[in-house]
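The values are calculated or read from the model by the stated rules, or taken from the named source; none is laboratory data. On a predicted model such as this, the values are computed, not experimentally measured, just so you know. All Cβ positions, glycine included, derive from the backbone under ideal geometry; neighbour counts span all protein chains shown.
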Amino acid sequence: MALKKAITVSGMGFVSGIDMVVKTGTATATTPPLYIKVESVTGDKASIKAAVTFKDEATGEHLMRKDYNFAPSMDGGNFIAQAYLHLKSLPEFAGAADC
C-alpha cells in the first residue's frame, strides 16, 4: 500500500555565492508525482507515530522522510492502514491516489 501525489511547496528562495547570500523572494514549485509510503509505525493505544517516506516516482530517489502522529482506533485494525487513512484526511494529501 502507498499513495501517489504531486506536492506543491512554497518557501523563500536564496542565491548564494562567494561571501554573499541574496534573498530572492517566495518560490513555489510542484514536484513530479511522488511515491509516499508509511515505512513504520510506533507508539501505543494513545498515540501512533507514522514514519513516512517520499520518493520520486520516476527515479526512485528518496527525497525526504516525515513523521505524522495520530490517535489510533483499537477497533480499527492494522495501524499501517490507519496511518494511510490519517494521511488522506490531511489537507497536504488531498487528492492523493492509492497505489
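When you look at Lys49, is it more than 19 Å from Asp98 (Cα to Cα), touching an Asp or Glu at 6+ places or on another chain (Cβ under 7 Å) and not polar (S, T, N, Q), yes or no?
Yes, satisfied.
Table: residues versus (1) surrounded by 11 or more Cβ atoms within 10 Å (Cβ to Cβ); (2) of a type in the set (A, V, I, L, M, F, W, C); (3) in a strand (DSSP E or B); (4) at pLDDT 85 or above.
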position: Val15; (1), (2), (3), (4): no, yes, yes, no
position: Gly25; (1), (2), (3), (4): no, no, yes, no
position: Val38; (1), (2), (3), (4): yes, yes, yes, yes
position: Thr42; (1), (2), (3), (4): yes, no, yes, yes
position: Lys49; (1), (2), (3), (4): yes, no, yes, yes
position: Asp67; (1), (2), (3), (4): no, no, yes, yes
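How many residues does the stretch 69-92 contain that are among the hydroxyl-bearing types (Ser, Thr, Tyr), surrounded by 11 or more Cβ atoms within 10 Å (Cβ to Cβ) and at pLDDT 95 or above?
1
Among the candidates Gly60, Gly95, which residue alone is surrounded by fewer than 11 Cβ atoms within 10 Å (Cβ to Cβ), at pLDDT 90 or above and in a loop (DSSP other than H, G, I, E, B)?
After applying the criteria, what remains is Gly95.
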